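Heads up: the structure comes next, in structure tokens.
The values are calculated or read from the model by the stated rules, or taken from the named source; none is laboratory data. Values in this document were obtained by computation on a predicted structure and should not be read as measured data. Don't worry about glycine lacking a Cβ; one is built from the backbone with ideal geometry, like all the others, and counts go over all protein chains shown.
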Amino acid sequence: MIPPPGGDVESTAEEPRPELVDQLRRLAPRDHAALVFDSPGEAAAAVAAFLQVGLERGERCVHLAEAEGATAILPHLRGAGVDVGEALASGRLALVTDRDDFLRPGPLRPAEVEPLLAEKAEQSVKEGGGALRVSADARWLLDPSPSLERLLEYEQMLQRLCRDHPFVALWRYDRGTFAPAALRALVRAHPVLVRRGEAHRNHLFAPPLAAGGDAGEDLDQLLETVAERDRAESSFAESGERLRLALEGGAHALWDWDLPAQRLAVNTRWAELPGLPPSAWSVSVSEWEQPIHPDDLAATWGAIRDHVQGRTPRLEIEYRAKGPGGWRWLRLRGKVAGRDAAGAAVRLAGTITDETEVRAAAERALGSERFAAVGTLAAGVAHEINNPLAWITTNLGFVQDLVASPAQAGQDAAARQQVLEVLEETRQGVARIRDTVDALRTVGRPVPAGAPVPCDVREEVLAAVAVARHEVVHRARLTLEVPDALPPVLSHPGALRKVFLHLILNAAQAIPEGPVSEHEVKVTAAAAAGAVSVEVSDTGTGMSPHVRAQMFDPFFTTKGPGQGMGLGLSFARAQVEAARGRIEVASEPRRGTTVRVVLPEAAAAEASPAPAAPASGRRRVLLVDDEEILVRAYGRLLERDHEVTALTSAAEALRRLEAGETWDAILFDLQMPDVDGVELFEKIELARPELVTRVAFMTGGAFTPRALSFLERNTRPTLAKPIDAAALRELVAQLAR
């Protein structure tokens with residue numbers, strides 16, 4: 001059967017079975033079928049199904065019949081949704097009742113009919129109508145009572161015609177007008193049989209013997225054909241069983257899509273997928289489409305379109321479909337299985353698989369990986385913070401003991417110099433911790449501190465070297481080739497020295513332990529062609545192409561647990577790109593690495609901005625932060641030069657602003673309980689718009705969608721915590737001008 005039916009369907013012989021249309025869609029040019037019928041009604045229904053398929057495919061369809069019964073097919077076509085009037089008017093469907101008019105007058109032998117039909121088939125293609133599809137009654141087409149030999153001769157002609165030309169035929173045989181023996185011989189001469197509303201591949205098919213042929217040779221050929229067919233069927237059965245086991249093992253369902261007819265034939269496993277009735281073995285495209293999640297429809301049809309149009313070698317798409325238990329994930333795979341003479345796809349075939357449990361397992365595995373990654377990240381953060389925190393704690397204890405002892409507090413200048421050294425070390429430790437926090441904050445969302453300003457590259461390089469020197473000199477010689485003067489570049493304050501620091505530290509850590517004299521970390525800088533370049537090279541282990549491809553990915557590291565977070569190079573690239581520059585890398589295993597940072601020179605107007613007049617006299621400054629110790633520390637820093645109001649409540653600040661109090665500079669935290677910084681700023685815009693230009697933000701990192709969205713559109717100055725004392729004083733001076 002073409003394809004195998006999905007079970008018995010209640011129907012009468014006078015009505016076309018729905019399966020018949022699907023089965024006849026398997027017929028294509030090079031095929032012809034025998035329709036054996038018991039009544040005119042059965043014949044009309046089968047012929048209508050045969051012609052319906054042709055009309056769907058844009059073929060030219062011809063129904064050759066007696067005038068009295070020719071129109072019997074039309075109600076069936078209309079019932080199937082065919083616009084019969086348009087098909088007849090356009091010539092896509094023709095009812096021919098005059099044999100002489102269709103072919104030519106007079107008796108016709110098979111050899112004379114063949115070229116006439118071949119010419120009509122080729123003409124149909126030239127006119128854009130596809131193949132020629134013909135339904136005919138052999139007795140009517142030839143003579144009222146042709147001999148069996150003449151009929152078999154015509155069958156041989158049809159074999160050649162269908163083989164060599166775009167021609168598909170349905171030959172009608174009324175069981176009541178043919179002798180059983182003759183009909184038996186005729187049925188065997190057709191590769192396809194239509195009977196009682198079903199179409200079958202004829203496994204007893206034996207092409208008729210050519211006129212004048214050798215009967216003995218023909219018999220040998222028939223016997224060999226029978227043997228070959230039996231072997232093929234056995235092999236097919238074995239292959240089918242293997243395929244069935246493989247499909248069941250992989251939980252795959254099969255589908256076969258007739259594109260012109262917009263229907264999918266499916267196997268029984270389809271019933272286990274969500275959204276379709278279990279009894280459906282053939283579904284329309286609309287039925288397949290209905291359960292798909294609306295959000296996935298565009299991508300699904302886009303993938304189908306791209307494959308059908310030849311832009312992808314295979315079709316593969318995942319989408320959600322509604323089932324009894326909720327949404328399920330399905331994976332559709334397939335490939336174009338047939339194209340017409342013009343190259344248009346007419347058939348798609350493939351598999352569909354329920355991937356819901358696979359995806360759930362993958363999500364669980366990914367969750368485990370993420371949990372492990374968090375542990376690795378935590379170890380890296382702890383390493384980066386605990387080292388500077390250790391000497392900060394020790395130094396603060398030293399200073400506290402010194403201040404607490406009156407005798408020690410009054411010591412000489414040497415002791416005071418020691419205190420200054422301790423405080424500088426403490427400041428460097430705090431800077432290290434701040435850099436770690438900055439690196440974490442820039443993952444996926446860089447938040448620059450302030451606007452880009454002209455920067456002295458030499459100064460930035462030397463500052464980075466000063467911090468990294470201790471790490472380098474225990475592993476390699478440190479060589480500097482930095483000119484005394486380099487053109488300024490635009491960058492965010494302090495960003496470049498952090499970039500160079502990460503590059504120098506990475507270079508040092510890439511060098512294995514051993515004699516210092518055998519290795520070198522070299523830092524060079526130069527200006528050329530409107531750009532400044534800084535290179536950091538090492539003689540370390542180098543990188544493989546795989547590692548080099550991932551070196552800028554956040555959290556990627558080749559160091560052991562607790563030896564780094566894998567954020568340094570990600571941070572460096574983000575800062576360089578923010579300065580409109582680029583990073584280039586050259587590296588080979590066992591031959592070292594060179595990282596080159598290229599930054600465009602600042603334009604003359606940008607490089608030499610007009611100096612702003614400093615604010616004179618004491619100004620009123622409002623500080624708002626829910627961390628009491630923090631706002632008190634900021635107040636101590638500013639109160640020598642300004643009159644400071646330090647509040648821990650944004651609601652209190654808002655009350656005082658609405659009451660009419662005014663300040664020359666207003667700085668507040670972005671994330672606060674109750675009234676946050678976003679709401680406070682919006683209230684100031686409405687109630688005190690003249691103060692908007694005096695507002696700046698302080699943030700330890702925005703983490704709510706509302707705060708993140710605000711920062712993206714915010715144009716006011718923003719300082720990232722921890723805030724450097726000089727940066728805070730400078731910002732207050734700018735706001736108070």
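Screening ASP295 against (1) loosely packed, with under 14 Cβ neighbours inside 10 Å; (2) touching a Ser or Thr at 6+ places or on another chain (Cβ under 9 Å); (3) more than 30 Å from GLY128 (Cβ to Cβ) leaves a single unmet condition, (2). Taking residues in the stretch 409-438 that are over 12 Å from LEU396 (Cα atoms), and partners anywhere that are at pLDDT 75 or above and assigned to a helix (DSSP H, G or I), the pairs with Cβ atoms closer than 6 Å and at least 6 places apart or on different chains are ASP435/LYS498. Selection within the stretch 144-193: residues that are out of contact with any Lys or Arg (no Cβ under 8 Å at 6 or more places or on another chain) and among the basic types (Lys, Arg). The member of this set that is nearest to GLN23 (Cα to Cα) is ARG172.
Screening ARG655 on (1) touching a residue at least 24 places away in the same chain (Cβ under 8 Å); (2) surrounded by fewer than 18 Cβ atoms within 10 Å (Cβ to Cβ) shows it passes everything except condition (1). Checking ARG441, ARG458, ARG416, ARG445 one by one, the residue that is modelled with pLDDT under 75 and more than 38 Å from the chain's Cα centre (by Cα) is ARG416 and no other. Kindly indicate whether any position in the stretch 237-252 is part of a strand (DSSP E or B), buried (at least 18 other Cβ atoms within 10 Å of the Cβ), modelled with pLDDT under 80 and in contact with a strand residue (DSSP E or B) (Cβ under 7 Å, 6 or more places away or on another chain). Checking the stretch 237-252: at least one residue is part of a strand (DSSP E or B), buried (at least 18 other Cβ atoms within 10 Å of the Cβ), modelled with pLDDT under 80 and in contact with a strand residue (DSSP E or B) (Cβ under 7 Å, 6 or more places away or on another chain). A search for C-beta distances below 9 Å between a residue of the stretch 290-302 that is in the same structural domain as GLY326 (by TED's automatic domain parsing) and any residue that is in a helix (DSSP H, G or I), counting only pairs 6+ apart in sequence or on different chains, returns ILE292/THR300; LEU297/GLU289; THR300/GLU289; TRP301/GLU289. The set of residues in the stretch 298-332 being surrounded by 17 or more Cβ atoms within 10 Å (Cβ to Cβ) and closer than 19 Å to ALA261 by Cα consists of ILE304, HIS307, VAL308. Residues in the stretch 534-577 that are among the hydroxyl-bearing types (Ser, Thr, Tyr), in contact with a Gly (Cβ under 9 Å, 6 or more places away or on another chain) and at pLDDT 75 or above: 3 in all.
Note on the stretch 583-615: among residues that are modelled with pLDDT under 90 and of a type in the set (Lys, Arg), the one that is farthest from PRO512 (Cα to Cα) is ARG591. Selection of the stretch 169-210 for residues being among the charged types (D, E, K, R), in contact (Cβ under 8 Å) with a residue 40 or more places away in the chain and either part of a strand (DSSP E or B) or under 22 Å from ALA227 (Cα atoms) (or both) yields ARG172, ASP174, ARG195, GLU198, ARG201.
Among the residues making up the stretch 712-737, those that are in contact with a strand residue (DSSP E or B) (Cβ under 9 Å, 6 or more places away or on another chain), assigned to a helix (DSSP H, G or I) and within 15 Å of HIS492 (Cβ to Cβ) are ALA727, LEU731. Any residue that is surrounded by 16 or more Cβ atoms within 10 Å (Cβ to Cβ), modelled with pLDDT of 90 or more and within 48 Å of the chain's Cα centre (by Cα) - is there at least one of those in the stretch 28-45? Yes, there is a match, as at least one residue in the stretch 28-45 is surrounded by 16 or more Cβ atoms within 10 Å (Cβ to Cβ), modelled with pLDDT of 90 or more and within 48 Å of the chain's Cα centre (by Cα). For the stretch 669-691, the count of residues that are among the hydrophobic types (A, V, I, L, M, F, W, C) and assigned to a strand (DSSP E or B) is zero. Can you find a residue that is basic (Lys, Arg), modelled with pLDDT under 90 and part of a helix (DSSP H, G or I) anywhere in the stretch 625-640? Looking through the stretch 625-640, at least one residue is basic (Lys, Arg), modelled with pLDDT under 90 and part of a helix (DSSP H, G or I). Note on the stretch 581-596: residues that are in a loop (DSSP other than H, G, I, E, B) and surrounded by 15 or more Cβ atoms within 10 Å (Cβ to Cβ) amount to 1.
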